[in-house]
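The values are calculated or read from the model by the stated rules, or taken from the named source; none is laboratory data. These numbers come from a predicted model, not from an experiment. With ideal geometry, Cβ positions are generated from the backbone for all residues, glycine too; neighbour counts draw on all protein chains shown.
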Amino acid sequence: MPETTIPELPQELWRAGKLELAHGVTHLLQVMRVASAGLGKYLSEIESRGAEDLFGYGSAASWLADVARISRGDAQDMVNRALPLNRTPGVGGEGAVFAPATAAAADDGALGEQHIDLILEILRKIPSDVPAEERAGAEKILADLARDAGPKEIAEAGADLLAHLDPDGNEPKDPEPTPPRREVFVERRKDGFWKLSGLLDPETGARTAAALDAYGAKRPIDEFGQADHRTMPQRRGDAWADLLDLAIACPDQPGTSGYRTLVHVTVGLDALKTGVGKACLDFVGRITPAKPVWPPATA
């Protein structure tokens with residue numbers, strides 16, 4: 001059994017030598033850890049019997065928080081740390097201790113809270129299909145190591161043990177795809193024009209830019225020597241209109257009959273080639289073969 005008596009402090013601590021100081025620290029640490037392990041046994045017993053029946057509280061953590069004047073979260077951590085290290089009554093009698101080797105080292109005052117929490121975390125990651133003797137052997141390795149090592153060494157040893165006991169690791173979970181972010185704002189101005197703005201995800205933005213560039217390419221110089229003097233924004237605006245025409249002309253469009261109204265205009269070949277002459281649409285007026293506009297200007 002470890003020595004758990006609290007040493008009497010020198011009246012003039014500044015006179016103590018370095019060995020006396022070091023011994024005092026290590027001994028008090030052991031006393032604190034042994035006391036913590038003993039406190040855990042009491043808390044486990046209170047939790048197993050029912051704190052509500054004993055003290056009128058819903059749980060041992062609630063009762064401990066009031067008695068120790070600490071936060072509910074800190075009290076719950078203490079209870080959660082104590083339960084796996086102690087035997088509590090089960091349905092068929094006394095239940096098994098989750099981490100017996102760790103509990104023995106804690107009773108000796110060799111483990112602090114960080115050691116215990118880390119070992120318990122590693123043990124809970126061991127798959128349930130691992131044989132009990134292999135799991136017990138892994139816990140003993142960690143508990144023995146923790147008597148002389150720090151959290152970093154325990155974590156590294158735990159990673160090696162988990163890799164040995166479960167080489168395939170946890171089954172990877174397919175992450176849910178993030179919905180693409182698409183926002184389009186259409187606002188009608190006072191002058192009748194419409195302002196279009198928005199934000200597209202990378203894929204949709206790239207597709208939009210490619211479509212506008214393809215339909216907004218400069219027109220070749222026609223046979224009359226007319227060059228395309230439209231700016232890039234103007235060409236993209238015309239391309240947007242062309243894309244809308246294509247979309248609306250496709251069948252099965254929501255809210256439409258599926259097809260645009262088609263108007264057939266007959267014009268002579270010479271008038272079409274020279275751009276001289278006019279055609280007439282019923283109920284509309286006249287249009288030129290060179291530049292049809294909508295709505296066309298009436299004569």
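What to note about this one:
- Residue in the range 66-76 that is of a type in the set (Gly, Ala, Ser), more than 18 Å from ASP107 (Cβ to Cβ) and modelled with pLDDT under 90 present: no
- In summary, ILE126 fulfils each of the numbered conditions (1) surrounded by 12 or more Cβ atoms within 10 Å (Cβ to Cβ); (2) free of Cβ contacts under 8 Å to residues at least 40 places away in the same chain with the single exception of condition (2).
- Scanning the range 138-154 for residues that are of a type in the set (Gly, Ala, Ser) and within 8 Å of ILE119 (Cα to Cα) returns a single hit, ALA143.
Table: residues versus (1) modelled with pLDDT of 80 or more; (2) within 21 Å of LEU196 (Cβ to Cβ); (3) within 40 Å of the chain's Cα centre (by Cα).
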{"residue": "ASP213", "(1), (2), (3)": "yes, yes, yes"}
{"residue": "ALA217", "(1), (2), (3)": "yes, yes, no"}
{"residue": "ASP222", "(1), (2), (3)": "no, no, no"}
{"residue": "ASP228", "(1), (2), (3)": "yes, no, no"}
{"residue": "ARG236", "(1), (2), (3)": "yes, yes, yes"}
{"residue": "TRP240", "(1), (2), (3)": "yes, yes, yes"}
{"residue": "LEU244", "(1), (2), (3)": "yes, yes, yes"}
{"residue": "ALA249", "(1), (2), (3)": "no, yes, no"}
{"residue": "GLN253", "(1), (2), (3)": "no, yes, yes"}
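- Residues of the range 48-87 satisfying the condition of being closer than 26 Å to LYS140 by Cβ and either in the same structural domain as ALA105 (by TED's automatic domain parsing) or crowded, with 16+ Cβ neighbours inside 10 Å (or both): SER48, MET78, VAL79, ARG81, ALA82, LEU83, PRO84, LEU85, ASN86, ARG87
So that you can scan it fast, the table gives a plain yes or no per residue for (1) outside any loop (DSSP other than H, G, I, E, B); (2) within 22 Å of ALA105 (Cβ to Cβ); (3) hydroxyl-bearing (Ser, Thr, Tyr); (4) at pLDDT 90 or above:
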{"position": "PRO2", "(1), (2), (3), (4)": "no, yes, no, no"}
{"position": "ILE6", "(1), (2), (3), (4)": "no, yes, no, no"}
{"position": "GLN11", "(1), (2), (3), (4)": "no, no, no, no"}
{"position": "LEU29", "(1), (2), (3), (4)": "yes, yes, no, yes"}
{"position": "SER44", "(1), (2), (3), (4)": "yes, yes, yes, yes"}
{"position": "GLY58", "(1), (2), (3), (4)": "no, no, no, no"}
{"position": "ARG81", "(1), (2), (3), (4)": "yes, yes, no, yes"}
